[in-house]
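Novice: I'd like to ask you about the structure that follows.
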Amino acid sequence: MERPRILIVGGGFAGLECARRLERKLAPAEAEISLVTPFSYQLYLPLLPHVAAGVLTPQSVAVSLRRTLRRTHIVPGGAIGVDPRSKVIVVRKITDEVVAEKYDYLVLAPGSVTRTFDIPGLKDYARGMKTLAEATYIRDHVIAQLDLASTTLDQRERESRLQFVVVGGGYAGTETAACLQRLTTAAIRRYPRLDPGLIKWHLIDIAPKLMPELGDKLGTTALEILRGRGVEVSLGVSVAEVGAENVKFTDGRVLPSRTLIWTAGVTASPLVATLDAETVRGRVAVTAEMRVPQFDGVFALGDAAAVPDLAKGDGAVCPPTAQHSARQGRAAADNVVAAMRNQPLEPYYHKDLGLVVDLGGRDAVSKPIGVELHGLPAQLVARGYHLMAMRTNAGKFRVGANWLLNATAGDDFVRTGFLARQPARLEDFEYTDAYLTRDQVREHARSLLARGSAT
């Protein structure tokens, strides 16, 4: 008999852990395992701000799938539609060729994309911090602003190039503002024509508190650290309009700035909309076993799925964090194997272990298993956690060596010229305009399957 095919969509924390677990639990003769992903690495997303700041090289946070997975077939492309009735995924390969991938069991872990709003100019001028390319681009962009400000004689241009805005007071935004502020503070020594007082970082968020998930005490500590380093933090404020050379806030202020980094939350991958399943705030509604109840053999997890948080109860769903995604990947693999062998499925249960927030240097706030820490102890916990969470020993070594090198030798503030003179909008990095409608998915699935049968 032909082996059943297990198709995993997404090579992030959830998808990689699921594939690894399936390889261990299933013999090669029991199933064929395939992974659809546009990149041949799993991105260690929590350390992207360190890449943007030049503390880590891009390769350090890109965990090679081919080093980690031994017999999983990797399909180099992005899933742009799901037809669960035909049991087909429509994939746009990295060559732009559109193909159909059939499955017997489907694990959907396509992750999330940056959440945006209908703010004038936002899609044209905002930069994200969700992909490796974006982090690399932002580093080039920030250093380019220092280079250009150092050569211009126009005071208005200089001011706009030396003011930076980060939107989003959560984990990603706070770390991004903190790490990049340290980058420009260190770089200014190499720019004798620039006045350090002109360089200003602004962190804004519509919420009344910074990182409320940390609690009042640690949130206040993080706020004091940032303000003590010169970051202007504005809470209860958002963006009203973005232009090429200025940003208008909802409180009426107009700030001359050519850099707006948008980290105001995430939303489930647009792939979810093609599935024709129930959703909870845009995420696929699944059972505690991570099954999509409308379709046989379909599981969903990670940022794209509303997995019930049984540890919290009261109808809560798991937050879109790496901590939950990795564990859901392993649990989903166990349930796929159980479904194949007609065994009972197990509900996902995990009690959150807390948060670590690295603010650069010796500054950090952490709350591991409910213990509140700040300063050097928090930094040791944060970096120790990241090293343990890295999937490969090569990755651990690269990250540790980069941290050590940066701490001892500093940065050379080199621009790579990445995407110079090219569009750098959110959709250019996250391909949010590539997905099909449900009708298009069904039409593509039928025609691709017919073409495959004819050959």
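Novice: Could you work out how far the C-alpha centroid of segment 12-79 sits from that of segment 352-387, in angstrom?
Specialist: Computed from Cα coordinates, the inter-centre distance equals 25 Å.
Novice: So how far apart, in nm, are the two label points at V254 and F117 if each is 7 Å from Cα heading toward Cβ?
Specialist: Placing both labels 7 Å beyond Cα along the Cβ direction yields 2.1 nm.
Novice: At I94 and R193, where each label point lies 7 Å from the Cα along Cα→Cβ, what is the point-to-point distance in nanometres?
Specialist: For I94 paired with R193, the spin-label model returns 4.0 nm.
Novice: For Y349, Y191, give the ranking by accessible area with the largest first, probe 1.4 Å.
Specialist: Details: Y349 140, Y191 25 Å².
Correct descending sequence by accessible area is Y349, Y191.
Novice: Assign unit charges at the C-beta atoms only (+1 for Lys and Arg, -1 for Asp and Glu), then state the dipole size of segment 236-371 relative to its Cα centre in Debye, rounded to the nearest 20. Can you show the working numbers first?
Specialist: Details: 13 positive and 15 negative charges, 57 e Å.
Dipole about the Cα centre, nearest 20: 280 debye.
Novice: Is the shape of segment 75-114 rounded, prolate or oblate, going by the alpha carbon gyration tensor and its root eigenvalues a ≥ b ≥ c, with a/c under 1.5 for rounded and a/b larger than b/c for prolate?
Specialist: Values: a/c = 2.00, a/b = 1.15, b/c = 1.75.
Cα axes put segment 75-114 in the oblate bin.
Novice: Please sort by residue number the chymotrypsin sites (Phe, Trp or Tyr not before Pro) in segment 78-168 whose DSSP state is loop and whose Cβ has at most 14 other Cβ atoms within 10 Å.
Specialist: Numbers: sites: Y103, Y105, F117, Y125, Y137, F164; in loops: Y103, F117.
Counting only loop positions with at most 14 other Cβ atoms within 10 Å, the chymotrypsin sites (Phe, Trp or Tyr not before Pro) in segment 78-168 are F117.
Novice: Still on this structure, I have one more. Past 25 Å, Cα to Cα, is the threshold; run K367/K396; K130/K396; K209/K396; K123/K367 against it and keep the listed order.
Specialist: Details: K367/K396 22 Å; K130/K396 21 Å; K209/K396 34 Å; K123/K367 35 Å.
Flagged as over cut-off: K209/K396; K123/K367.
Novice: Shape call for segment 320-455 from the C-alpha gyration tensor, a ≥ b ≥ c root eigenvalues: rounded (a/c under 1.5), prolate (a/b greater than b/c) or oblate? Could you put the intermediate results ahead of the total?
Specialist: Numbers: a/c = 2.60, a/b = 1.38, b/c = 1.89.
Oblate.
Novice: Now for a different question. Could you give P(r) for the chain, binned at 20 Å from zero, as whole percent values over all Cα-Cα pairs?
Specialist: Calculated P(r), rounded to whole percents: 24, 55, 20, 1.
Novice: Continuing with the same structure: Between segment 192-248 and segment 111-181, what's the alpha-carbon centroid distance in Å?
Specialist: Value for the Cα centre distance between the two parts: 13 Å.
Novice: What accessible area per residue, rounded to a whole number of Å², is obtained for segment 282-326 using a probe radius of 1.4 Å? It would help to have the intermediate numbers written out before the result.
Specialist: Details: 1540 Å² over 45 residues.
Spelled out: the 1.4 Å probe surface of segment 282-326, per residue, equals 34 Å².
Novice: On to the next question. Leaving ligands, DNA and RNA out of it, work out the accessible area of D124 with a 1.4 Å probe and give it in Å² to the nearest 10.
Specialist: Its accessible surface works out to 90 Å², give or take rounding.
Novice: Modelled label-to-label distance, V414 and K312, 7 Å Cα→beta-carbon offset: nm?
Specialist: Going by the 7 Å Cα→Cβ label model, 4.4 nm.
Novice: Looking at the chain, identify the longest residue range that excludes and avoids all GluC sites (Glu not before Pro) in DSSP loops having at most 11 other Cβ atoms within 10 Å. Kindly include the intermediate steps, with their values, before the conclusion.
Specialist: Working: sites that count: E2, E97.
Counting at most 11 other Cβ atoms within 10 Å as exposed, the longest clean stretch of the chain is 98-455.
Novice: Follow-up. Counting every Cα pair in segment 358-399, what percent are over 11 Å apart? All intermediate terms of the calculation are to be shown ahead of the outcome.
Specialist: Values: 532 of 861 pairs.
Counting every Cα pair in segment 358-399, those more than 11 Å apart make up 62 percent.
Novice: Which value, in Å to one decimal place, does the Kirkwood hydrodynamic radius take for segment 163-260 when every pair of different Cα atoms is included? Walk me through the intermediate numbers first.
Specialist: On the way: mean 1/r = 0.0717 Å⁻¹.
In segment 163-260 this quantity evaluates to 13.9 Å.
Novice: Please get the size of the charge dipole for the chain, origin at its Cα centre, with Cβ charges of +1 on Lys and Arg and -1 on Asp and Glu, quoted in debye to the nearest 20.
Specialist: 1080 debye
Novice: Would you mind getting the accessible area per residue of segment 61-125, heavy atoms of the protein chains only, 1.4 Å probe, in Å²?
Specialist: Working: 3040 Å² over 65 residues.
So segment 61-125 comes to 47 Å² accessible per residue, rounded to a whole number.
Novice: Also: Viscosity 0.692 mPa s, temperature 37 °C: Stokes-Einstein D of segment 389-455 from its Kirkwood Cα radius, in µm² per second? Don't skip to the answer; put the middle values down first.
Specialist: Details: Rh = 17.4 Å.
Stokes-Einstein gives a translational diffusion coefficient of 188 µm²/s.
Novice: Tell me, what is the FRET efficiency for E372 and R451 to the nearest 0.05, using R0 = 51 angstrom and their Cβ-Cβ distance as r? Mind showing how you got there, number by number?
Specialist: Numbers: r = 59 Å, r/R0 = 1.16.
After rounding, the FRET efficiency stands at 0.30.
Novice: Ranked from the most accessible area to the least, with a 1.4 Å probe and all protein chains present, what is the order of M388, M340, M211? Intermediate results must be reported in sequence, preceding the final value.
Specialist: Values: M388 145, M340 45, M211 0 Å².
These residues rank, largest area first, as M388, M340, M211.
Novice: Run through all the Cα pairs of segment 95-200 and give the fraction in each 5 Å bin from 0, expressed as whole percent.
Specialist: Values per bin, smallest distances first: 2, 9, 17, 18, 16, 12, 8, 6, 4, 3, 3, 2, 0.
Novice: Right, something else. Can you tell me the Rg and the Dmax, both Å, for the Cα atoms in segment 212-328?
Specialist: When restricted to the Cα atoms of segment 212-328, Rg and Dmax are 19.3, 55 Å.
The values are calculated or read from the model by the stated rules, or taken from the named source; none is laboratory data. Since the model is a prediction, treat every value here as computed from it, not as a measurement. Neighbour counts are summed over all protein chains in view; Cβ atoms, including those assigned to glycine, are modelled from backbone coordinates with ideal geometry. Please note that ligands, DNA and RNA were not included when accessible areas were found on the heavy atoms of the full protein model with its side chains. Shrake-Rupley method; radii C 1.70, N 1.55, O 1.52, S 1.80 Å.
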